[in-house]
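Derivation of every value follows stated rules applied to the coordinates shown; laboratory data play no part. On a predicted model such as this, the values are computed, not experimentally measured, just so you know.
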Amino acid sequence: MSSDPTSSTSVPGEADSKRSSAGRSDAPVDRRGQPLRLLSIHAHPDDEASKGAGAVRKYVDDGIAATLVCCTGGEAGDILNPAMDRPGIAENLPAIRMVELGRSAQIIGFDRVELLGYSDSGMEGTEANAHPGNFANAPFDEAVGRLVAILRRERPQVVITYGDDQQGYPHPDHLRVHDISIVAWHAAGDPDRFPEAGPPWTPSTLYYSAWARARFVAMHQGFLDAGLESPFDQKWFDRPSHDHLITTQVDVREHYAARSGALKAHATPVSYTHLTLPTISPV
């Protein structure tokens, strides 16, 4: 992707969702007359499926348009699905992950997908982590400027990003998502910041996606009560809880299929084992 902060990149299938709310004559608007839109920021392809997919699908079904910002191509991800660990996959992984991202975005209902244009930073100590073109090593203001340009162009009322507490999974790209999101959130409405990125736009609300420990405890117990083996081992419950930080919960029971379908669209990095177990009612 060009370093021009006003540029963007699309992924295959990102505008093909038949259930998209974009362009609907009856789409809800805010008090300024601007169509309602939410914008969700993620580090890698598949993060949009595992974090908040059901909530996005709910609001898309309610007529609200949705934009996905994916900051990296996920090139450093592992092939965890044995069925995809075959010749022709690893050497073409970046292109394959883009196709998977497009399919996932369709299932969730994103009508626009914006790529920030950086490579996956990998975990600390890996070869990918040392690459100068990765997300974590990119010039900070450059990354902020790209996100500001997207915010101003998409004009969302609601922005969803990662929180500041990433102890459970301190991936450098997840940390960077939070850092640039906060600065871009404040800069997007300031005409003196990044004037080349378009007319200023001030979103109304910023949310952090959170790891709800209570939800996993309930699902774990649900499997056990049903006489099934739980897919959640102790490491899930050793993660620091965010429950005390949660201010907003969205009922996604009618939209949970969007999450599982989107995860399955990511055939390379997602092991299907936990997706094909007998299921209990989502919590």
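Miscellaneous remarks
- The C-alpha atoms of the range 51-187 occupy a region whose extents along the principal axes are 43, 33, 27 Å, arranged from largest to smallest.
- Reciprocal mean inverse distance between Cα atoms of the range 166-216 - Kirkwood radius, Å: 13.1
- C-alpha center-to-center spacing [the range 223-259, the range 185-214] in angstrom: 28
- Summarised as an ellipsoid, the range 89-142 has semi-axes of 24, 16, 8 Å, derived from the eigenvalues of the Cα gyration tensor scaled by 5 and square-rooted, with the largest first.
- Gyration tensor (Cα) of the range 123-171, equivalent ellipsoid semi-axes in angstrom: 25, 17, 7
- The value for the range 25-67 of Rg(Cα) / (2.2 N^0.38 Å) is 1.29.
- D by Stokes-Einstein for the range 127-283, Kirkwood Rh over Cα pairs, 4 °C, 1.567 mPa s: 70 µm²/s.
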